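For reference, the structure discussed in these notes is given below.
The values are calculated or read from the model by the stated rules, or taken from the named source; none is laboratory data. On a predicted model such as this, the values are computed, not experimentally measured, just so you know. Positions of Cβ are generated from backbone atoms using ideal geometry, with glycine treated the same way; all protein chains shown enter the neighbour counts.
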Amino acid sequence: MMPTKVLGDSFFTFDGWQGYPREREELLKHILDKRIEDVVFVTGDIHTFIGGDVRTQLGAGKNAALEFVGGSITMTSLGETDLDAGGGTVIKGNDANPKTSPGLIDALRDINPWVDAADFDHHGYGRIEARKDGLKCDLVRMATIKKRNGAKIAPITYEVKRGQTSVKGVNGPPEKPKS
């Protein structure tokens, strides 16, 4: 549901909801107009972990929901492949030892300010615990899938209270003020 912009104000792919902007806007407008609270999208299939806010107008509008994206279990992660960042820029991946620069994650947040946390390198899954008073999301990450050791690294964790409309600043920096 969260769009992914790259350099040149273009989108990473049109495979997800950003490829259906009218329908996406209609759905989010419905959520806001009907005052439907506590909407959380739990998604995957983009080979990375991301937590953030779902906003109208392809990210330029109001918060309508939250989204948690679970990484891939075994499919190549974004940090393991070369990525087209737009404008002729390619971010080199490293299959043997993916280590996406924190500066690149910060640049992602600058272009996509609704993103709180992102991990392009690790594999794993998302785990949701839904409760009456909210939910807990653990984005569970494995140290490696290249060998059988089962070692996990610290999960990216969100504790969401009922009525909470943003996760910006929970695991990443708060949103920068608009100039």
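Remarks
- Considering Arg141, Arg131, Arg127, the condition of being at pLDDT 95 or above and under 21 Å from Gly44 (Cβ atoms) is satisfied by Arg127 alone.
- Among the residues of region 102-149, those identified as of a type outside the set (A, V, I, L, M, F, W, C) and more than 21 Å from Met2 (Cβ to Cβ) are Glu129, Arg131, Lys132, Asp133, Thr144, Lys146, Lys147, Arg148, Asn149.
- Scanning region 32-58 for residues that are at pLDDT below 90 and of a type outside the set (A, V, I, L, M) turns up Gly44, Asp45, His47, Thr48.
- Of residues in region 73-118 being of a type outside the set (Gly, Ala, Ser) and in contact with a Ser or Thr (Cβ under 7 Å, 6 or more places away or on another chain), the one modelled with the highest pLDDT: Asn112
Residue by residue, here is whether (1) at negative phi; (2) touching a Phe, Trp or Tyr at 6+ places or on another chain (Cβ under 7 Å); (3) among the hydrophobic types (A, V, I, L, M, F, W, C) holds:
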| residue | (1), (2), (3) |
| --- | --- |
| Ala85 | yes, no, yes |
| Thr100 | yes, yes, no |
| Leu108 | yes, no, yes |
| Asp121 | yes, no, no |
| Arg131 | yes, no, no |
| Val167 | yes, yes, yes |
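- Residues located in region 112-164, provided they are crowded, with 16+ Cβ neighbours inside 10 Å, under 30 Å from Pro177 (Cβ atoms) and of a type in the set (Val, Ile, Thr): Val115, Ile156, Val160
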